[in-house]
1. Taking the Cβ of each residue in A:LYS69, B:LYS80 as the centre, tally the other Cβ atoms inside 10 Å and list the residues starting with the fewest.
2. Once Rh is set to the Kirkwood radius over Cα pairs, what Stokes-Einstein translational diffusion coefficient, in µm²/s, holds for the protein assembly as shown at a temperature of 37 °C and a viscosity of 0.692 mPa s?
3. Give the whole-number value, in cubic angstrom per residue, of the convex hull volume spanned by the C-alpha atoms of the range B:6-87.
4. Report, as an integer, the average count of C-beta atoms from other chains found within 10 Å of each Cβ along A:54-60.
5. Can you give the angle from 0 to 90° between the axis of helix A:11-22 and the longest principal axis of chain A, with both taken from C-alpha atoms, to the nearest 10?
6. Could you work out, residue by residue across B:1-14, how many beta carbons of other chains sit within 10 Å of that residue's beta carbon, and then give the average as an integer?
7. Over the range B:2-65, what is the mean sequence separation of C-alpha contacts under 8 Å (at least six apart), divided by residue count, expressed as relative contact order in percent?
8. So if we plug the beta-carbon distance of A:TYR70 and A:PHE47 into 1/(1 + (r/R0)^6) with R0 = 30 Å, what FRET efficiency do we get, rounded to 0.05?
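The numbers here are math on the coordinates, done by the rules we state, and not lab data. Everything quoted here is computed from the prediction, not taken from an experiment. Don't worry about glycine lacking a Cβ; one is built from the backbone with ideal geometry, like all the others, and counts go over all protein chains shown.
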Protein chains: 2
Amino acid sequence: MFVILVYDVGEKRVNKVLKKCREYLTWVQNSVLEGELSEGNLKKLKFEIGKIIKTGEDSVIIYSFQSTKYSTREVMGLTKNSQDIFV
Amino acid sequence: MFVILVYDVGEKRVNKVLKKCREYLTWVQNSVLEGELSEGNLKKLKFEIGKIIKTGEDSVIIYSFQSTKYSTREVMGLTKNSQDIFV
């Protein structure tokens, strides 16, 4: 499935969260990663993130879509990291 | 359609972009807004954003999904702005 992950975490944990997420997804913009993930890998990623973040301070939103059919991804301005899954 | 908008823009333009996007979408996290938008309103929003951003410096990614069927939205940690469209 296609996953979009956005995070807003404390400065001390940002690098750790980004490093972990980059093992599974592609960085596309400040605090935003996306990519195709199996159900199993998404579970693993959530488990890993859960070990890093402070749930009372940090926020991670994970959108997952079974299909990217009938959907679009448009970039206005700079493409910080090209990602043409939607083509 | 369901829209997720993420932005990474110059400091001078952040407030303007956020203010404009909030006319159409719900702020859910730092640099992330989401919500249901008609095709027409999405076009208007893009036009408005285009007048604000500097395309050579700023980056806005707009994901739009015809349906949120077969998709999930999960928050780990803090819910900065509750948004239960997926229920």
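1. A:LYS69, B:LYS80
2. Values: Rh = 16.3 Å.
Result for D is 201 µm²/s.
3. Numbers: hull volume 8.6 nm³, N = 82.
Cα convex hull per residue, to the nearest whole number: 105 Å³.
4. Details: counts 2, 4, 2, 2, 3, 11, 6.
Shielding by partners across A:54-60 averages 4.
5. 50
6. Numbers: counts 3, 3, 1, 6, 2, 8, 5, 8, 4, 0, 0, 0, 0, 0.
Per residue, the average neighbour count from other chains is 3.
7. Values: 80 pairs, mean separation 34.9, N = 64.
Here the relative contact order equals 55 percent.
8. The value I calculate is 0.45.
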